[in-house]
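All remarks here apply to the structure that follows.
The values are calculated or read from the model by the stated rules, or taken from the named source; none is laboratory data. Computed from a prediction, not measured in an experiment: that's the story for all the values here. Neighbour counts run over all protein chains shown; Cβ positions are idealised from the backbone, glycine included.
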Amino acid sequence: MLVEKEVPMSMIILDIDHLQIYNQSYDRIKGDDCIKKLLILSKKFY
């Protein structure tokens, strides 16, 4: 559908070091919150 409408699309792939350890130490919900905060921060640069 994006091709038909000629809508630009981009993708960002983040490799977050030690996220598994963070999830195990705090819990998965805190890990999800960490990812959300990183995405919000990344929007400032793109």
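For the reader, a short list of remarks on this structure follows.
- The residues listed here are K30, K37; of these, the one that is touching a helix residue (DSSP H, G or I) at 6+ places or on another chain (Cβ under 9 Å), among the basic types (K, R) and not in a loop (DSSP other than H, G, I, E, B) is K30.
Conditions (1) over 14 Å from the mean Cα position of the chain (by Cα); (2) surrounded by 10 or more Cβ atoms within 10 Å (Cβ to Cβ), marked per residue:
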{"residue": "K5", "(1), (2)": "yes, no"}
{"residue": "Q24", "(1), (2)": "yes, yes"}
{"residue": "D27", "(1), (2)": "yes, yes"}
{"residue": "L41", "(1), (2)": "no, no"}
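- Within the set I12, I21, the sole residue that is out of contact with any Cys (no Cβ under 9 Å at 6 or more places or on another chain) and either at pLDDT below 85 or not in a helix (DSSP H, G or I) (or both) turns out to be I12.
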